[in-house]
Amino acid sequence: ISPAPGIELVPLKPGSATLPLPSIDVDIVDERGKPVPEGVRGYLVIKRPWPGMMMTIYGDPERYKQTYWSRFSGAYFTADYAIKDHEGYFWILGRADDVLKVAGHRLGAAELESAAVSYSALAEAAVIGKPDPLKGEGIVIFAILRQGYESSEKLASELKNHMRKVIGPVATPDEIYFVTKLPKTRSGKIMRRVLKAVAADKPPGDLTTLEDEASVEEVKRAYEELKKMRET
């Protein structure tokens, strides 16, 4: 799904992946594999093979079949959430496997992050789930503030109220950490497993794809500061 310079003039929309390339048959479906109406979130699928597609997983063809072709009959499951607007433009919302189950509610990490950054003080946010004995998972936000704002308990409280207003009480974060950097790969993808490891007091694991190792120390610092504050 991409504009194709030189083939067809596709007007861009900020945030949209635009339209499928020629020969790519893409759709958005619900849990039962039925196409959803425009503007409704669903699962992004590709309905027929395309040039350059992955044919298997080396040494494990059964895993390839189960992962990509078993969820919806006759369609390739991308594991992404998406919506399609009234002009047919596709908007990728994030990974369908990045889902938190909070008190019986399934909440997408991308959905929570989008709600968080709609708060005026936030420039960027990453959301992870943390095991909770009552709710199953609790929401943890690592946030970068915009210039001119400073971290405080008041700001954290305002962000919690904002999440409740935008999504609902179930989206109230249990923990909020204000940081200056987030651990990302060199391609710009947030490494949520590193954030989960820090929040669970566990080693971060392999960091060979990390863009900036200082970001891990920054996250650890924010975590330790809030931990000490609670203890006192």
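The values are calculated or read from the model by the stated rules, or taken from the named source; none is laboratory data. These figures come from a predicted structure and were not determined experimentally. Neighbour counts run over all protein chains shown; Cβ positions are idealised from the backbone, glycine included. Only protein heavy atoms, including side chains, enter the accessible area calculation; ligands, DNA and RNA are left aside. Shrake-Rupley method; radii C 1.70, N 1.55, O 1.52, S 1.80 Å.
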TODO: Taking Asp27 as the residue in question, decide whether it is assigned to a strand (DSSP E or B), over 28 Å from Gly168 (Cβ atoms) and either among the aliphatic types (A, V, I, L, M) or open to solvent by less than 80 Å² (accessible area, probe 1.4 Å) (or both).
DONE: yes
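Could you run through the stretch 42-67 and say how many residues are within 28 Å of Glu111 (Cα to Cα) and touching a Gly at 6+ places or on another chain (Cβ under 9 Å)?
3
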Task: Any chance Ala126 is in contact with a strand residue (DSSP E or B) (Cβ under 6 Å, 6 or more places away or on another chain), of a type outside the set (Val, Ile, Thr) and crowded, with 21+ Cβ neighbours inside 10 Å - done: yes
Task: Index of the failed condition, Ala75 passing every other in (1) open to solvent by less than 50 Å² (accessible area, probe 1.4 Å); (2) touching a His at 6+ places or on another chain (Cβ under 7 Å) - done: (2)
Open item on the list: Just the residues that are free of Cβ contacts under 8 Å to residues at least 24 places away in the same chain, out of contact with any Leu (no Cβ under 7 Å at 6 or more places or on another chain) and hydrophobic (A, V, I, L, M, F, W, C), please, taken from the stretch 175-206.
Closed with: Ala197
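If I filter the stretch 149-181 down to residues being basic (Lys, Arg) and closer than 12 Å to Ile139 by Cβ, which single residue comes out as least open to solvent (accessible area, probe 1.4 Å)?
Residue satisfying both the conditions and the ranking: Lys160.
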TODO: Output the number of residues of the stretch 180-232 satisfying the condition of being under 24 Å from Leu93 (Cβ atoms) and not charged (D, E, K, R).
DONE: 11
Task: Failed item in (1) without any contact (Cβ under 8 Å) to a residue 24 or more places away in the chain; (2) under 23 Å from the mean Cα position of the chain (by Cα), with Val10 passing the rest - done: (2)
- [ ] Confirm whether Lys184 is in contact with a strand residue (DSSP E or B) (Cβ under 8 Å, 6 or more places away or on another chain), closer than 21 Å to Ala115 by Cα and surrounded by fewer than 20 Cβ atoms within 10 Å (Cβ to Cβ).
- [x] yes
Open item on the list: Which residue is surrounded by the most Cβ atoms within 10 Å (Cβ to Cβ), if the candidates are limited to the stretch 206-232 and must be touching a helix residue (DSSP H, G or I) at 6+ places or on another chain (Cβ under 8 Å) and either at pLDDT below 80 or outside any loop (DSSP other than H, G, I, E, B) (or both)?
Closed with: Val219
TODO: Please indicate, with yes or no, whether at least one residue in the stretch 90-97 is modelled with pLDDT of 90 or more, open to solvent by less than 80 Å² (accessible area, probe 1.4 Å) and not basic (Lys, Arg).
DONE: yes
- [ ] Can you tell me which residue within the stretch 187-196, out of those that are at pLDDT 85 or above and open to solvent by less than 40 Å² (accessible area, probe 1.4 Å), is farthest from Val219 (Cα to Cα)?
- [x] Met191
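It is to be established whether one or more residues within the stretch 40-62 are part of a helix (DSSP H, G or I) and open to solvent by 50 Å² or more (accessible area, probe 1.4 Å). Step through it out loud before you land on a result.
Applying the first criterion (part of a helix (DSSP H, G or I)) to the stretch 40-62 yields 61-62.
The next check asks that each one be open to solvent by 50 Å² or more (accessible area, probe 1.4 Å); those that pass are 61-62.
Checking the stretch 40-62: at least one residue is part of a helix (DSSP H, G or I) and open to solvent by 50 Å² or more (accessible area, probe 1.4 Å).
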